[in-house]
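Have a look at the structure below before the remarks.
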Amino acid sequence: SGSITDFDWSITNDFIVSTSLDKTIRIWSVKDGTCSRTIYDNASCTSCCFHPLNNNIVVSGNDKSYIKVFNFSTGKCVSSKRLVSMPSSAPVTSLTFDSNGLMLFVGDVKGIIRWFSWDLSTAILKPVGRYTVSNTAITSINYRAYQSSQDYAPALLINCLNNSVRLYRVTTSSTDLVLEKDFRVLNSKYPIRSCFCPLISMRDAACFVSGSEDGSVHIFRYGVGVTKEKVNQLQGHTSVVKDVSWNYDESLLASADGIGIVIVWKRIKLSENENL
């Protein structure tokens, strides 16, 4: 009954989890579109994700500064963690796991990102690190680790309400973040999200896509030796582009805007070494 704030696919693509301002976390069956389970929270739910190795575990964040871990099968909360002590407040805005499901990264409205170690047997979260990204709200966090010809590069892609998308390297010990690049997009009022491209499409460079308040979809690349960072700017929306998502083989890109329009873009090959 309230606005949807976030959603995530299960690793098997069988289910989608969504959160809403109506204080619910809902699990949807992809096969028939029905709601398989509704989980009720005591606060507006702002973000969610499946555990990358266990579809039975769902994590959500809410506007009362809590991260909660739920068992999909039973709907019960198995553990929870408050970002800050009472009476302080740090409403959760976004969260994501690393690819191994051993670290959870959480962003809040104050521009702080915190990360927690994850116990696979108990689902208990333990604080590992904290980093101030901005003095404005974090609206999106995306994790990616890949092996390029240059180096092994675990990274976080973070959108903030300061007209930027920031790329951070995660240190080997996972105890610190190092800013690698600050990309400019129009983003000062609305919760804009971005995502890494699933494949390493350009030899020694990787790509990511971001929405923007200018109504465009912006595609960037980064890496050693990259001189032209903006790959493309897709125009077709007439409102703020709030979210973007690739399919797994990077052939289709979906973008959603502020008036409910979703555009699906098909990737085409322009030449031997160039894609659109």
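The aspartates and glutamates within cross-link reach of residue 68, meaning a Cα-to-Cα straight distance under 13 Å and a gap of 8 or more places when in the same chain, are 41. FRET efficiency for the pair residue 121 and residue 169, taken as 1/(1 + (r/R0)^6) with r the Cβ-Cβ distance and R0 = 45 Å, rounds to 0.90. Charge dipole of the chain (Cα centre as origin; +1 on each Lys and Arg Cβ, -1 on each Asp and Glu Cβ, all else neutral): 460 debye, rounded to the nearest 20.
Ignoring aspartates and glutamates fewer than eight residues from residue 242 along the same chain, the ones with Cα atoms less than 16 angstrom from its Cα are 6, 8, 213, 214, 257. Listed cross-link partners 23/64; 81/110; 64/110; 81/181; 181/228; 189/228 are compared with a 21 Å cut-off, the Cα-Cα value being larger for 81/181; 189/228.
The candidate values were [x] 32, 20, 18; [y] 40, 24, 17; [z] 29, 22, 19; the one computed from these coordinates for semi-axes √(5λ) of the Cα gyration tensor in Å carries the label [z].
How much length would be gained if the chain were fully extended between residue 21 and residue 1, taking 0.36 nm per residue of separation minus their Cα-Cα distance, in nm to one decimal? Mind showing how you got there, number by number?
Numbers: separation 20, 0.36 × 20 = 7.20 nm, distance 0.81 nm.
Value of the extension gain: 6.4 nm.
Computed extension gain for residue 249 through residue 264, at 0.36 nm per residue and net of the alpha carbon distance, reaches 4.0 nm.
What accessible area per residue, rounded to a whole number of Å², is obtained for the chain using a probe radius of 1.4 Å? Each step should come with its number before you reach the end.
Details: 13100 Å² over 276 residues.
With all protein chains present, the chain gives 47 Å² per residue.
3J(HN,Hα) couplings calculated from phi for the range 123-131 with the Karplus curve 6.51 cos²θ - 1.76 cosθ + 1.60 (θ = phi - 60°) are, in sequence order, 6, 7, 9, 10, x, 10, x, 8, 8 Hz; Gly and Pro show x.
What part of the accessible area of the chain, given as a whole %, is carbon or sulfur when the probe is 1.4 angstrom? The nonpolar share, carbon plus sulfur, comes to 52 percent.
Phi-derived couplings, Karplus 6.51 cos²θ - 1.76 cosθ + 1.60 at θ = phi - 60°, listed residue by residue for the range 251-263: 8, 10, 10, 9, 10, 10, 10, x, 10, x, 8, 10, 10 Hz, with x used for Gly and Pro.
The values are calculated or read from the model by the stated rules, or taken from the named source; none is laboratory data. Nothing here was measured: the structure is a model prediction, and the numbers come from that model. Quick reminder, even Gly has a Cβ in these numbers, built from the backbone with ideal geometry, and neighbours come from all protein chains shown. Calculation scope for accessible area: heavy atoms of the full protein, side chains included, ligands and nucleic acids excluded. Shrake-Rupley method; radii C 1.70, N 1.55, O 1.52, S 1.80 Å.
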